[in-house]
Amino acid sequence: MRKPLIAGNWKMNKTVSESIEFARDFVKAVSNVTDRDILICPPFTSLYPVSEIFNGTNVRLGAQNMYFEEKGAFTGEISPLMLKDAGCSFVILGHSERRHIFGESNELINKKVLSAVSHGLVPVLCVGELLEEREEGKTFDVVGSQLEEGLKGVSADSEFVIAYEPVWAIGTGKTATPELAEEVHRFLREKLSELFGSKKAESVRILYGGSVKPENVDGLMAMNNIDGALVGGASLKVESFVKIVNFGR
Ligand code: PGA
């Protein structure tokens, strides 16, 4: 059975002091949760101070992006070694905002995924179609190639997480219906099975992201192939994120 993973993506929100305040309250509120994994991905500047609070708790720390090189003349970038050193065990890669605002290609994202895996960071590879791609019937083509190209060269024994985030549902308040999301999750699992074999495909967690809230998380999590959530806006408040972590109760 796949253990659910509930992940918060703070995006470009929260100062160091705001992050610390959230982290202190949050670890207390979820300290008894053992049947699901919990991950928070703050901005780079908050990683280390938050890691000191998460250390020894059931909350894991992740980054929202990284560069694939270990060090050197890459002004403005952050390396996998730096993320590990700051206490991260996960890293979100290929988020739609990275793809569409910063022009990241599948090829670049693949280099990052390979680098993350080789440094012992678990990549959360995001895939998702634009509204016009959905309307043109291209959803499976788009997410299928994002998955395949993003994971090129990754071995079946490395750990990775997939997040399906339809771009039209991110930050818009429009969630995909559980059935519509499940259709894509099922497709992604079949594709994983073609690429890595069915045993690996059954073990990979596929998260849904895009306007997940306390009110809609139960319906999504009831689907067979939805193994967790990647939560933006609703992860910024302790109260709403704690409710999402405790889905189904
Ligand atoms: P949202 O963001 O929950 O605010 O829609 C999700 C994401 O982009 O990861």
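The values are calculated or read from the model by the stated rules, or taken from the named source; none is laboratory data. Values in this document were obtained by computation on a predicted structure and should not be read as measured data. All Cβ positions, even for glycine, are placed from backbone atoms using ideal geometry, and neighbour counts span all protein chains on display. Keep in mind that these areas ignore ligands, DNA and RNA; they rest on the heavy atoms of the full protein, side chains included. Shrake-Rupley method; radii C 1.70, N 1.55, O 1.52, S 1.80 Å.
I'm checking my understanding of the structure. Among residues of region 29-80 that are among the charged types (D, E, K, R) and under 18 Å from the mean Cα position of the chain (by Cα), which one is most open to solvent (accessible area, probe 1.4 Å)?
ARG60
Can you name every residue in region 100-139 that is exposed (fewer than 15 other Cβ atoms within 10 Å of the Cβ) and in a helix (DSSP H, G or I)?
Within region 100-139, HIS100, GLU107, SER118, LEU131, GLU132, GLU135 meet the criteria.
I need the full set of residues from region 81-99 which are over 16 Å from the mean Cα position of the chain (by Cα) and either part of a helix (DSSP H, G or I) or on the phi < 0 side of the Ramachandran plot (or both), in order please.
Matches in region 81-99: LEU81, MET82, LYS84, ASP85, ALA86.
Can you say whether GLU149 is surrounded by 15 or more Cβ atoms within 10 Å (Cβ to Cβ) and over 13 Å from VAL204 (Cβ atoms), as far as the supplied structure shows?
For GLU149, the condition - surrounded by 15 or more Cβ atoms within 10 Å (Cβ to Cβ) and over 13 Å from VAL204 (Cβ atoms) - is met.
Within region 155-163, can one find any residue that is part of a loop (DSSP other than H, G, I, E, B), within 16 Å of the ligand (Cβ to nearest atom), aliphatic (A, V, I, L, M) and out of contact with any helix residue (DSSP H, G or I) (no Cβ under 8 Å at 6 or more places or on another chain)?
no
Can you tell me which of LYS237, LYS191 is open to solvent by 30 Å² or more (accessible area, probe 1.4 Å), out of contact with any strand residue (DSSP E or B) (no Cβ under 8 Å at 6 or more places or on another chain), more than 28 Å from PHE26 (Cβ to Cβ) and of a type in the set (Lys, Arg)?
LYS191
For region 121-145, what are the residues that are touching an Asp or Glu at 6+ places or on another chain (Cβ under 9 Å) and touching a residue at least 12 places away in the same chain (Cβ under 8 Å)?
VAL122, PRO123, CYS126, VAL127, GLY128, GLU129, THR139, PHE140, VAL142, VAL143
Would you please list the contacts, defined by Cβ atoms under 6 Å and residues six or more apart or on different chains, that run from a residue in region 78-94 that is free of Cβ contacts under 8 Å to residues at least 60 places away in the same chain to a residue that is of a type in the set (Lys, Arg)?
Close Cβ pairs (under 6 Å, with a partner that is of a type in the set (Lys, Arg)) amount to SER79/LYS71; SER89/ARG60; LEU93/LYS112.
I'd like to know if region 6-24 contains one or more residues that are surrounded by 13 or more Cβ atoms within 10 Å (Cβ to Cβ), of a type in the set (Phe, Trp, Tyr) and either assigned to a loop (DSSP other than H, G, I, E, B) or at pLDDT below 95 (or both).
Yes, that holds for at least one residue.
May I ask you to list pairs of residues, at least six apart or on different chains, whose Cβ atoms are under 8 Å apart, with the first in region 198-213 being polar (S, T, N, Q) and the second being more than 10 Å from the ligand (Cβ to nearest atom)?
SER203/ARG2
Test VAL212 against the stated conditions and say whether it is buried (at least 23 other Cβ atoms within 10 Å of the Cβ) and within 10 Å of the ligand (Cβ to nearest atom).
Spelling it out, VAL212 is indeed buried (at least 23 other Cβ atoms within 10 Å of the Cβ) and within 10 Å of the ligand (Cβ to nearest atom).
Taking GLU148 as the residue in question, decide whether it is at pLDDT 95 or above and within 18 Å of VAL91 (Cβ to Cβ).
So GLU148 fails the test.
Which of the residues that make up region 197-229 are closer than 17 Å to VAL30 by Cβ, of a type in the set (A, V, I, L, M, F, W, C) and either in contact with a strand residue (DSSP E or B) (Cβ under 7 Å, 6 or more places away or on another chain) or part of a loop (DSSP other than H, G, I, E, B) (or both)?
VAL212, VAL217, ALA229
What are the pairs, 6+ residues apart or on separate chains, where a residue within region 227-249 that is without any contact (Cβ under 8 Å) to a residue 40 or more places away in the chain has its Cβ under 8 Å from a residue that is surrounded by fewer than 20 Cβ atoms within 10 Å (Cβ to Cβ)?
Pairs that qualify, where the first residue is without any contact (Cβ under 8 Å) to a residue 40 or more places away in the chain and the partner is surrounded by fewer than 20 Cβ atoms within 10 Å (Cβ to Cβ), are ALA234/LYS213; ALA234/PRO214; ALA234/SER240; SER240/LYS213; SER240/PRO214; LYS243/PRO214; GLY248/ASP218; GLY248/ALA222.
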